[in-house]
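Here is the structure we will look at, set down as C-alpha cells.
The values are calculated or read from the model by the stated rules, or taken from the named source; none is laboratory data. None of these values were measured; they are calculated from a predicted model. Here Cβ is always computed from backbone atoms with ideal geometry, including for glycine, and neighbour counts include all displayed protein chains.
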Amino acid sequence: MIIITLQRPKCIGCNYCVELAPAQFQMSKKDGKAVLLHSVEKKGFHTIKLADENILEATLKASEACPTKIISVKQT
Amino acid sequence: MTKDGKIELMAPAGNFESLQAALDNGCDSVYFGVEQLNMRARASINFEMNDLPEISRRCKEKGVRTYLTLNTIIYDHDLTIIKTLLQKAKEADITAVIAMDQAVIMVARSLGIEVHISTQINITNIETAKFYAMFADTIVLSRELSLRQVKKIYEQIVKDQIKGPSGNLIEIEIFGHGALCMAVSGKCYMSLHAFNSSANRGACKQNCRKPYKVIDQETGFEMEIDNEYIMSPQDLCTIDFLDKIKDAGVKVLKLEGRGRAPEYVAKVVKCYREAIDSLEDGTYSKEKVNDWMNELEKVYNRGFWSGYYLGQKLGAWSDGPGSQATQKKVYIAKGMHFYPKAMIGEFKMEAYDLKVGDTILITGPTTGAQELIVEEMFVNDQKGEKAQKGDLITIKFPFRIRPSDKLYKIVENS
C-alpha cells in the first residue's frame, strides 16, 4: 500500500509533481496549486492510499523534486 | 515620489509585524506578496488573500501606498489565480501591482489597476522604458545600472515627456538597501538547477551564499581565491550617497527584505526616513551618515557595498555565510496582559534572564517592532533588578502590549 500526502497550502505551483507523476497530480486552474487526485483533505493535508505499487517510483520522484518538500510518500 | 516631492520610501512587509514596523517608522509605501506568485513565495513570509482589506486599512490610516507583488514567471495554470488576486486587490483598493509577466500587466490594466514594472524585467535603457510606459507609471530599473546610466534615462524621460497611463511622467524606482544576488536582475537558474527550486517562482534556496571551490577538472588544480564566498555579494547600502541618488532623478527607493524580521524593517525604515528627510531640510551630513551606518550594522547584513550605482567593475563579496549584524535578539518572554490605565504590560519569562538596563524588543502583529530600555520592572509583584525563567514581570510601556506579543532581549553579537 502506498500513502501519498500533499500539504497543499504550502504549494507554490511549480508544476514539478505533475511532470513527474501525472497520474497522481494535476495543477488546479482555480488557485494554481497542485491537486493530489482523489485525495481526502484534513486540516490542509491531502491524503490518498493506493494499492498499486507501480506508482511508487514516480511519486517518490515527485516528492524529491518538490521545492517546498510538501509531498510525502510512504510504503506500508 | 511623495506629494511633497521627496523620494518615496518603500518598505518590505512579509507579515503584519513587519508591516506595522514599517508604518510606525515612517515609510511612504509598502510592498508585499499574497499567496504564492511573488519572489518570496514561501507561505511563512506571505499574506493571504483575506488579509488584503486589513493591509489596505492600516496603510490608508497613515496615508501609505500599497503595492502587491505579483512578479514571478507565470504558467497557464496560474492565470485564474492572477485574475482572482487582482480582483481582490482592486476591491481592497490596493494602490498598484508590481508585475513582471505580460499576463499580469494585461489583467491589471483591464481592471484599471496601476502597474509598476518589476526589476525582474531588467529595464536598462530609455526605449524599453518607453515601451513599458504604455502600461506602467513606475519602473524599477535593473539593479546593475550605474547612477550615471539611471540619470541619463531620467533626463530622457523628462525631455521626451514619457508618461504612464496616469498621465504623469513615469517614475524611476531603484533598490536602496538590502540583499543583492549574483544573478542579473534576479534571473537565476542556480537554485532550480541544484534543488528544483526556482528563484523565478519565488523559491530561491540561496545556494549562492555558500562557499565554493573552483577546480580545474583536467588537472584537479584548485584555484586559490582570497574569499571563498565568490557568488555571494555583500548587501546593498545607499544611505551614504542618497544625494547622488536624488540627483539621478530617482523617485522611489525600495528597501529589500520581505523575508527579514520586523526589527530589521523598523531599523532600516527609520534610518532611511531620517536620511531622506535630512536631504530635504539640508541637514544631511557625514556625521549623520556614520550614525545611520552604525544603526544599520546592528541588524541583518552581509557587510555593505554600494552596488553597481557608483560604477564599480566588480562586486564586493561577503566573507561569511550569514549575517554580520552587531546585535542579535534572544527570545525571553511572552505577552500576558496589559493594564491600559497604568500602561503596564505583563510578560511571562520563558527563557534566559532580564535585568534593569537591558534593551528589549517587543514584536507582534499589531505592535510591530518596538525597542526600549528597561528602566524599572516588577518581578512576581515585587520591585526587582533581575528576572529569570518562570518569573512574571511587569514593565511600564509607552505603547500597548498584547497577548500575541513576544519579548526579546537585544544582545551584542560576539
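Give B:48, B:61 a once-over and let me know the one that is over 20 Å from residue B:255 (Cβ atoms) and either buried (at least 21 other Cβ atoms within 10 Å of the Cβ) or modelled with pLDDT under 95 (or both).
Working: B:61 fails: either buried (at least 21 other Cβ atoms within 10 Å of the Cβ) or modelled with pLDDT under 95 (or both).
After applying the criteria, what remains is B:48.
Filter the stretch B:5-38 down to residues that are within 14 Å of chain A (Cβ to nearest Cβ) and not in a strand (DSSP E or B), then give me how many there are. Steps first, please.
Within the stretch B:5-38, the first condition is being within 14 Å of chain A (Cβ to nearest Cβ), and the residues that meet it are B:33-38.
Add one more test, that the residue is not in a strand (DSSP E or B), and what stays is B:35-38.
Within the stretch B:5-38, residues that are within 14 Å of chain A (Cβ to nearest Cβ) and not in a strand (DSSP E or B) number 4.
Only one residue in B:144, B:173, B:155 is within 15 Å of residue B:119 (Cβ to Cβ), surrounded by fewer than 22 Cβ atoms within 10 Å (Cβ to Cβ) and charged (D, E, K, R), so which one is that? I'd like the intermediate steps shown before the answer.
On the way: B:173 fails: surrounded by fewer than 22 Cβ atoms within 10 Å (Cβ to Cβ); B:155 fails: within 15 Å of residue B:119 (Cβ to Cβ).
Of B:144, B:173, B:155, the one residue that is within 15 Å of residue B:119 (Cβ to Cβ), surrounded by fewer than 22 Cβ atoms within 10 Å (Cβ to Cβ) and charged (D, E, K, R) is B:144.
Hey, among B:41, B:96, B:92, B:103, which residue is within 14 Å of chain A (Cβ to nearest Cβ) and touching a Ser or Thr at 6+ places or on another chain (Cβ under 8 Å)?
Details: B:96 fails: within 14 Å of chain A (Cβ to nearest Cβ); B:92 fails: within 14 Å of chain A (Cβ to nearest Cβ); B:103 fails: touching a Ser or Thr at 6+ places or on another chain (Cβ under 8 Å).
The conditions single out B:41.
For the stretch A:1-61, which strands (runs of 3 or more DSSP E) that fit wholly inside it have 1 or more residues that are surrounded by 21 or more Cβ atoms within 10 Å (Cβ to Cβ) and within 10 Å of another protein chain (Cβ to nearest Cβ)? Quick ask: steps written out before the conclusion?
Details: elements: A:2-7, A:25-27, A:34-36, A:40-42, A:45-50.
Result: A:34-36.
So if I check each of B:105, B:98, B:94, which one is touching a strand residue (DSSP E or B) at 6+ places or on another chain (Cβ under 7 Å) and part of a loop (DSSP other than H, G, I, E, B)?
Working: B:105 fails: part of a loop (DSSP other than H, G, I, E, B); B:98 fails: part of a loop (DSSP other than H, G, I, E, B).
Checking each option against the conditions leaves just B:94.
Somewhere in the stretch B:350-372, is a residue touching a helix residue (DSSP H, G or I) at 6+ places or on another chain (Cβ under 9 Å) and of a type in the set (Asp, Glu)? Show your work before the answer.
Filtering the stretch B:350-372 for residues touching a helix residue (DSSP H, G or I) at 6+ places or on another chain (Cβ under 9 Å) gives B:361, B:363-371.
From the residues that got through so far, the ones that are of a type in the set (Asp, Glu) too are B:371.
Checked against the condition, which is being touching a helix residue (DSSP H, G or I) at 6+ places or on another chain (Cβ under 9 Å) and of a type in the set (Asp, Glu), the stretch B:350-372 yields at least one hit.
Out of (1) under 29 Å from residue B:306 (Cβ atoms); (2) assigned to a helix (DSSP H, G or I); (3) at pLDDT 95 or above; (4) of a type outside the set (Ser, Thr, Tyr), the odd one out for residue B:120 is which?
Only one criterion in (1) under 29 Å from residue B:306 (Cβ atoms); (2) assigned to a helix (DSSP H, G or I); (3) at pLDDT 95 or above; (4) of a type outside the set (Ser, Thr, Tyr) is unmet by residue B:120, namely (3).
Exactly one of these conditions fails for residue B:220: (1) surrounded by 19 or more Cβ atoms within 10 Å (Cβ to Cβ); (2) among the small types (Gly, Ala, Ser); (3) more than 20 Å from the chain's Cα centre (by Cα); (4) assigned to a loop (DSSP other than H, G, I, E, B). Give me its number.
Failing condition for residue B:220: (1).
Going by the conditions given, is residue B:146 more than 14 Å from chain A (Cβ to nearest Cβ), closer than 30 Å to residue B:233 by Cα, in contact with a strand residue (DSSP E or B) (Cβ under 8 Å, 6 or more places away or on another chain) and of a type outside the set (A, V, I, L, M, F, W, C)? Reasoning before the result, please.
Numbers: more than 14 Å from chain A (Cβ to nearest Cβ): yes; closer than 30 Å to residue B:233 by Cα: yes; in contact with a strand residue (DSSP E or B) (Cβ under 8 Å, 6 or more places away or on another chain): no; of a type outside the set (A, V, I, L, M, F, W, C): yes.
When the stated conditions are applied, residue B:146 does not pass them.
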